[in-house]
Amino acid sequence: MDAITKALCVPLRDVVNGYKYEMRRLHPFEKVVADLTVRARQKKDGLTLQDVLDNIHEARKEMLVAGKDWTAKAKNAETAREAMDAMREGEERMIELFEQLASKPVKLIIDLQKALRTTPAVRLDTPAVVLVGAPNVGKSSIVRAISSATPEVNNYPFTTRGMTLGHVQVFWKDDTNTAAAVIPEVNEINKGRFDEQAMAGSYAFTQLCQVMDSPGLLVRPDNERNEMEALTLAAMQHLPTAVMYVLDLSGGAGDKCSSVDDQLQLRREVRARFPRRPWIDVVAKYDLGLVDGSREQLHDILDGTPYIELSIQDEVGVDELRDEVMRMLGEVRVVLDAMAAVDARNARQTDRKD
């Protein structure tokens, strides 16, 4: 009876302890993704992750008590037959208790683990540029235009809206000249004319960086944001990113929350929230024209800060944008290198103390 109790209860204990341990050691961005996945499950099942873990913990406690009671009953039996009957009845009762108390929360945890397992892997320590803006302003088209490979579409378990992730092979001349990088032309790769190994021989080192589209943001308080918007903010807050803020001032964004006024207000709010991030403003779909007065409104907000007028259709501003992407990736890499040097120094000091 004791063996049966342990076989049922020990895995429940390990689930609770293991889950809490893994959540503590997650990278901040991974933790946000996990929290958003849990939030989506909560909307479906009405239970938070803590509720589920608490239910498993309580089920384990009740089963431990029941197991001890049946073990005592078997030990105190007057005959071997009565002891065997008590053991058999106890085993059946323990299985019933597991089905009644633990089966549902364990299934919820398993479903959650499956959802988390399908979460796309984003490089957490690699320079990246994240494209931010209102819905339907052309962010995905820009990723496809400036990436050196066919972008992936990362689908998260809490949303049907994917995150387009492009990769850019950047070649650095030296450790300090961060702006001197090369982003290979997309058509050169597609036609087989780009030799990465040969190019790498001309430079100090090469690094695969990321360019990611993000779900659109709306002008509203954080407590009203959905999981998609929270993912966008998490990418800016927790990943080593520069920001490309994309506007469509043509009036054709197609979303009632993507008006010119909303986009400009959103730009004010996002820039105020992330004032130290490397940043470039891009007016996309420039070939479609601008709403009357929108250029003047933009100039008032930017107050002399340069921006890029971009038309993927007419190939206007694309080269200039690639140069800005290289510059911003360089700035992010410098910060990452400085952080790595500090970590290495702290590690050496810790080793000396030990």
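The values are calculated or read from the model by the stated rules, or taken from the named source; none is laboratory data. As the structure is a prediction and not an experimental result, all values here were calculated from the model. Backbone-built Cβ (ideal geometry, glycine too); neighbour counts: all protein chains shown. Areas reflect the complete protein model, heavy atoms only, side chains present, ligands, DNA and RNA absent. Shrake-Rupley method; radii C 1.70, N 1.55, O 1.52, S 1.80 Å.
Could you work out the Kirkwood radius for segment 1-133, taking every pair of different alpha carbons, averaging 1/r and inverting it, reported in Å?
Kirkwood hydrodynamic radius for segment 1-133: 17.3 Å.
List the residues, sorted by chain then number, that are 5 or more residues from Ile308 or on another chain and whose placed amide H is less than 5 Å from its amide H.
Residues meeting the amide H criterion: Asp281, Val282, Val283.
Leaving ligands, DNA and RNA out of it, report the carbon-plus-sulfur percent of the accessible area of segment 218-291 at a 1.4 Å probe.
After summing per-atom areas, the C and S share lands at 48 percent.
Using a simple spin-label model with points 7 Å from Cα along the Cα→Cβ vector, what separation in nm is obtained for Arg13 and Cys257?
Roughly 4.7 nm, to one decimal.
Considering only the other residues whose Cβ falls under 10 Å of the Cβ of Val130, what net charge follows from Lys and Arg at +1 and Asp and Glu at -1?
+1
Can you compute the modelled spin-label distance between Glu22 and Ser103, with each label point 7 Å from Cα toward Cβ, in nm?
Spacing of the two 7 Å Cα→Cβ label points: 2.4 nm.
Suppose R0 equals 25 Å. What FRET efficiency, 1/(1 + (r/R0)^6) with r the Cβ-Cβ distance, do Arg268 and Asp323 give to the nearest 0.05?
0.45
For Glu89 and Asp2 in one chain, what is 0.36 nm times their gap in residues minus the Cα-Cα distance, to one decimal in nm?
Roughly 30.0 nm would be gained on extension.
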